[in-house]
Every structure is written in C-alpha cells, then in structure tokens.
Amino acid sequence: MKHDNRKLEKNLVKKSIKIDALDLANGRKRSRSITESIEADNLHDDIFLLEQQLVRKQREIILAQEQLREMSSLSHNVVHDLKTARQRHTLTKRETKALEQKIDTLSKKLYKLTGDTQQAEENYKKTHTHLQLMEKEKTKLDKVRSIIFFLFCFLKISLHFYRLSMKNVH
C-alpha cells in the first residue's frame, strides 16, 4: 500500500504538475489570446483610421480634380482672352499707323494751308492797301472831275458869252 500510495502520490504530483503546466499553458494561451485580441482590436482601429484617411484623401483628390478642371477652364479662358487681346492689339497698331499717316497728311495739308493762309492774308493786306489807294485816287478823280465839270461849265458859259458878245459886235 505504501508503494501504491507512493505511486499514487507520484501520479498525483505528476498530474498536479501537469495541471499546473496546463494551467500555466492555459494562462499563457489566455494571455496570448488577450494580446491577440488587443492586437486585433488595435488592427481594427488602425484599419478604421486608415479607411477614414483613405476616404479623406479620396475627397481631397476629387476636390483637387475639380479645382484642376476649373483651373484648366480658367486657363483656357485666359488663353482665349490673351489671343483676343493680341488680335485687338494688332488691330490697334494698324489703326494707329493709319491714324499717324492721316495725321501726317493732315499736318502737311495744314502746313500748306497755313502757308496759303499767310499768303492770302498778305494778298488781302495788299489788296486792302490798293483799295484804300484806289479810294483816295477815286476821291482825287472825283475832285478832278468836279473841277473839270466846273471848268467845262465855266468854258461853256464863257463861250456862250463870247458868242453873244461876238453877235453883238457884228
């Protein structure tokens, strides 16, 4: 019995060691399971955060693409406006050249007209002076006519008296 007791005791110790080992393994397993569960939860949290970041980044990409479309449209409008402005500039240059040529032609005509006007003014002054001289001459001529008329009348009267006197003498 002692032997059986010892055997049983040995078996009991062995089984107790096995149980302790199994408890220890089970504890480690639970610990590992808890760690794995925590890691899984952490991974789920990380995945959730990454999914949120992915959604934000996708929104940012969509906004950036929309901005790119708007910028492209604006760029197209700016290029069109620049082409239009360049065409207007070219037309304005041509019109400016044409106007400069007209100004040059008109300046020459004005210069000629100014010269002609000065010459006309000089001619007017000369003509006016001649008219004044002619008026003076006319006045003199009128005086001379008056004198001639007076002399003619006087001669006529004198002739008449001479004839009368000659008739009376005869």
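The values are calculated or read from the model by the stated rules, or taken from the named source; none is laboratory data. This one's a predicted model, so the numbers in the text were calculated from it and none came from an experiment. Here the Cβ is made from the backbone with ideal geometry for all residues, glycine too, and neighbour counts use every protein chain on show. Only protein heavy atoms, including side chains, enter the accessible area calculation; ligands, DNA and RNA are left aside. Shrake-Rupley method; radii C 1.70, N 1.55, O 1.52, S 1.80 Å.
Of all residues in region 114-131, none satisfies being open to solvent by 100 Å² or more (accessible area, probe 1.4 Å) and aliphatic (A, V, I, L, M).
Determine, yes or no, whether D81 is under 34 Å from the mean Cα position of the chain (by Cα) and acidic (D, E). Don't jump to the end; show me each part of the working.
Numbers: under 34 Å from the mean Cα position of the chain (by Cα): yes; acidic (D, E): yes.
So D81 passes the test.
Please state which one of D46, D20, D4, D41 is assigned to a helix (DSSP H, G or I) and surrounded by fewer than 10 Cβ atoms within 10 Å (Cβ to Cβ). Reasoning before the result, please.
Details: D46 fails: surrounded by fewer than 10 Cβ atoms within 10 Å (Cβ to Cβ); D20 fails: surrounded by fewer than 10 Cβ atoms within 10 Å (Cβ to Cβ); D41 fails: surrounded by fewer than 10 Cβ atoms within 10 Å (Cβ to Cβ).
Being assigned to a helix (DSSP H, G or I) and surrounded by fewer than 10 Cβ atoms within 10 Å (Cβ to Cβ) holds for just one of D46, D20, D4, D41, which is D4.
Among the residues of region 80-95, none is identified as modelled with pLDDT under 90 and of a type in the set (G, A, S).
For V144, state whether it is surrounded by 10 or more Cβ atoms within 10 Å (Cβ to Cβ), without any contact (Cβ under 8 Å) to a residue 12 or more places away in the chain and of a type in the set (A, V, I, L, M). Step through it out loud before you land on a result.
Values: surrounded by 10 or more Cβ atoms within 10 Å (Cβ to Cβ): yes; without any contact (Cβ under 8 Å) to a residue 12 or more places away in the chain: yes; of a type in the set (A, V, I, L, M): yes.
In short, yes.
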